[in-house]
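Chemist: Provided herewith is a single structure, encoded as structure tokens, for subsequent inquiry.
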Amino acid sequence: MEKKKIDWENIGFSYMQTDKRYVSDFKDGKWDDGTLVDDANITMNECAGVLQYAQTVFEGMKAYTTEDGRIVTFRPDLNAARMVESAKRLEMPVFPEDRFIDAVVRTVKANAAYVPPYGSGATLYIRPYMFGVNPVIGVKPADEYQFRVFTTPVGPYFKGGAKPITICVSDFDRAAPRGTGHIKAGLNYAMSLHAIMTAHRNGFDENMYLDSATRTKVEETGGANFIFIAKDNKVVTPHSGTILPSITRRSIMYVAEHYLGLEVEERDVYFDEVKDFAECGLCGTAAVISPVGKVVDHGKEICFPSGMEKMGPVTQKLYDTLTGIQMGQIEAPEGWIKVIE
Ligand code: PLP
Ligand code: COI
């Protein structure tokens, strides 16, 4: 299979249409068999549940080319399981987990020419999603849904690549206690758009959200969880029921403990203690591990000792080990890598 002629090294995190996408419809209480289609556009009723009441959930994952030329994905079973939780919370039908993985495999295979080559720094982003399609005008769940998967080649989420970013403490809240912060629903991202644009207008790359109940604890950003490295090299990550349970973060904590022999801690992280950490990073499928050099809280700056030029040493080790596993240079724990072809 011949790869597309794309300037892989210089692509950003944006949408590029690829050849095929997977579609399955839910009607009369059941999912149809699903198929790959060419048309990237969707036609639906003006009163569709997704358009009126934002009934939509999604996932984000990546396909990688390994050093020996295989195409693989990373822990798709966890994305499938998380989408089940998201769907249930929005009263949507569950798309079966085995079918989710099959849909991802078929879509990636059909777009293999767009999977960036090993070493290019780019990957194929995979976006499974589901939404209510039939008309609903009273506030209630739709009866008909569509599950789709598309792919798009992407480069680094933050423009500078591995350069540390500057983030600010947001005045907005991302998630309410007992709300929807722990699921991947479009509504969480719609309500974050004003906050991220405000951060950008003020010269920051991202927001640090605090817990909305007390505004004393670190939660996450709009699209990634936090990891902090303490001065004794312990890897610390916020524990919270209102953040998205990042698959990248869970993997990093395992890698830190079992591959690098580091102590790990998932616990409440108070904003007051952020100044005492040695390193800070954002982790997620899109963010991979993006180093944070500075956190600004209404003019008060916290500058991590790792600085603004490069990742801190422990973050770098975590990054190298995680991406080494994803790209097949380092042996993965059992079940983490799904070979596509
Ligand atoms: N937190 C939020 C709000 C996200 O949108 C994402 C992206 O998926 C993450 C965290 C990271 O999760 P994952 O590592 O599973 O991609
Ligand atoms: C991902 O990392 O997959 C996400 O969904 C985050 C999004 C902000 C791009």
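The values are calculated or read from the model by the stated rules, or taken from the named source; none is laboratory data. Everything quoted here is computed from the prediction, not taken from an experiment. Cβ placement follows ideal geometry from the backbone for every residue including glycine, while neighbour counts extend to all protein chains displayed. The area values use the complete protein model at the heavy-atom level, side chains included, leaving out ligands, DNA and RNA. Shrake-Rupley method; radii C 1.70, N 1.55, O 1.52, S 1.80 Å.
Chemist: Let me have the relative contact order for the chain, percent, based on Cα pairs under 8 Å that are six or more residues apart.
Modeler: Values: 756 pairs, mean separation 67.9, N = 341.
Contact order relative to length: 20 percent.
Chemist: Take the chain, drop everything but the C-alpha atoms, weight them equally and run the Debye formula without solvent; then report log10 I(q)/I(0) at 0.08 Å⁻¹ to two decimals.
Modeler: Here log10 of I(q) over I(0) equals -0.38.
Chemist: While we're here: Using 0.36 nm times the number of residues separating D102 and H200, minus their current alpha carbon distance, what extension gain do you get? Please list the in-between numbers first.
Modeler: Working: separation 98, 0.36 × 98 = 35.28 nm, distance 3.84 nm.
Stretched fully, the D102-H200 segment lengthens by 31.4 nm.
Chemist: By the gyration tensor of its Cα atoms, with a ≥ b ≥ c the square roots of the eigenvalues, what is the shape of the range 87-171: rounded for a/c under 1.5, prolate for a/b over b/c, or oblate?
Modeler: Details: a/c = 3.11, a/b = 1.39, b/c = 2.24.
Taking the square roots of the gyration eigenvalues as a ≥ b ≥ c, the range 87-171 is oblate.
Chemist: So how compact is the range 9-80: Cα radius of gyration and Dmax in angstrom?
Modeler: Radius of gyration, then largest Cα-Cα span, for the range 9-80: 16.2, 49 Å.
Chemist: Which of the lysines could a cross-linker span from K159 if the Cα-Cα distance has to be under 27 Å and same-chain partners fewer than 8 positions apart are dropped?
Modeler: K3, K4, K5, K62, K184, K275, K294, K300, K310, K317
Chemist: Then there is this: Can you pull a Stokes-Einstein diffusion coefficient for the range 50-133 at 25 °C (0.890 mPa s), Rh from Kirkwood over Cα pairs, as a whole number of µm²/s? Before the final figure, lay out the partial values.
Modeler: Values: Rh = 13.8 Å.
Calculated translational D: 178 µm²/s.
Chemist: Report the local net charge at V37: Lys and Arg +1, Asp and Glu -1, summed over other residues whose C-beta lies under 11 Å from its C-beta.
Modeler: On the way: positive: K20, R21, R148; negative: D19, D38, D39.
Every neighbour counted, the sum reads 0.
Chemist: Once label points are set 7 Å from the Cα along Cα→Cβ at both K163 and K109, what is their separation, rounded to one decimal in nm?
Modeler: 4.2
Chemist: Computed over the Cα atoms of the range 108-157, what is the convex hull's projected area averaged over all directions, in nm²?
Modeler: On the way: hull surface 20.4 nm².
Over all viewing directions, the range 108-157 projects a mean Cα-hull area of 5.1 nm².
Chemist: Please list, by residue number, every one of the chymotrypsin sites (Phe, Trp or Tyr not before Pro) in the range 1-85 that is coil in DSSP and has at most 13 other beta-carbon atoms within 10 Å. Spell out each step's value before the answer.
Modeler: Numbers: sites: W8, F13, Y15, Y22, F26, W31, Y53, F58, Y64, F74; in loops: F13, Y15.
Here the chymotrypsin sites (Phe, Trp or Tyr not before Pro) that fit, given the DSSP loop and packing criteria, are Y15.
Chemist: Express the C-alpha Rg of the range 29-186 as a ratio against the empirical globular expectation 2.2 N^0.38 Å, rounded to two decimals.
Modeler: For the range 29-186, the normalised Cα radius of gyration is 1.17.
Chemist: Another question about this same structure. Send over a whole-number figure in Å² for the accessible area per residue of the range 118-220, probe 1.4 Å.
Modeler: Working: 4320 Å² over 103 residues.
The answer is 42 Å² per residue.
Chemist: In debye to the nearest 20, how big a dipole does the range 33-112 give about its Cα centre with +1 on each Lys and Arg Cβ and -1 on each Asp and Glu Cβ? Display every interim value, and only then the final one.
Modeler: On the way: 9 positive and 13 negative charges, 43 e Å.
Around 200 debye, computed over the range 33-112.
Chemist: Counting alpha carbon pairs within less than 8 Å and at least 6 residues apart, what relative contact order, in whole percent, applies to the range 1-103?
Modeler: Working: 76 pairs, mean separation 16.1, N = 103.
Computed over the range 1-103, the figure is 16 percent.
Chemist: Treat each spin label as a single point 7 Å out from the Cα along the C-beta direction, and report the D19 to T35 distance in nm.
Modeler: Here the answer is 1.8 nm between the modelled labels.
Chemist: Over all pairs of distinct alpha carbons, what does the Kirkwood formula give as the hydrodynamic radius of the range 148-248, in Å? The partial results should precede the final answer.
Modeler: On the way: mean 1/r = 0.0672 Å⁻¹.
After inverting the mean inverse Cα-Cα distance, the result is 14.9 Å.
Chemist: With charges set only on the Cβ (+1 for Lys and Arg, -1 for Asp and Glu), what does the dipole of the chain come to about its Cα centre, in debye to the nearest 20?
Modeler: Working: 38 positive and 46 negative charges, 78 e Å.
I would put it at about 380 debye.
Chemist: Now for a different question. Residues in the range 285-317 near a label at D171, defined as backbone nitrogen under 18 Å from the 7 Å Cα→Cβ point?
Modeler: 296-301
Chemist: While we're here: Binning at 10 Å from 0, report for the range 188-341 what percent of all alpha-carbon pair distances ends up in each bin.
Modeler: Percent of pairs per bin, in order: 10, 40, 35, 13, 2, 0.
Chemist: Taking only protein heavy atoms and a 1.4 Å probe, what accessible area per residue, in Å², does the range 24-97 have with all protein chains in place? Present the calculation step by step, with values, prior to reporting the outcome.
Modeler: Working: 3610 Å² over 74 residues.
In whole numbers, the range 24-97 has 49 Å² accessible per residue.
Chemist: At 7 Å along the Cα-to-beta-carbon direction for both K140 and E2, put a label point, then send me their distance in nm to one decimal.
Modeler: Computed distance between label sites K140 and E2 equals 5.5 nm.
Chemist: Using a probe of 1.4 angstrom, how much of the accessible area of the chain is carbon and sulfur, in percent? Spell out each step's value before the answer.
Modeler: Working: 7770 of 15390 Å².
Using a 1.4 Å probe with all protein chains present, the chain comes out at 50 percent carbon and sulfur.
Chemist: What accessible area per residue, rounded to a whole number of Å², is obtained for the range 268-341 using a probe radius of 1.4 Å? Intermediate values should be presented prior to the final figure.
Modeler: Working: 3410 Å² over 74 residues.
Per-residue value: 46 Å².
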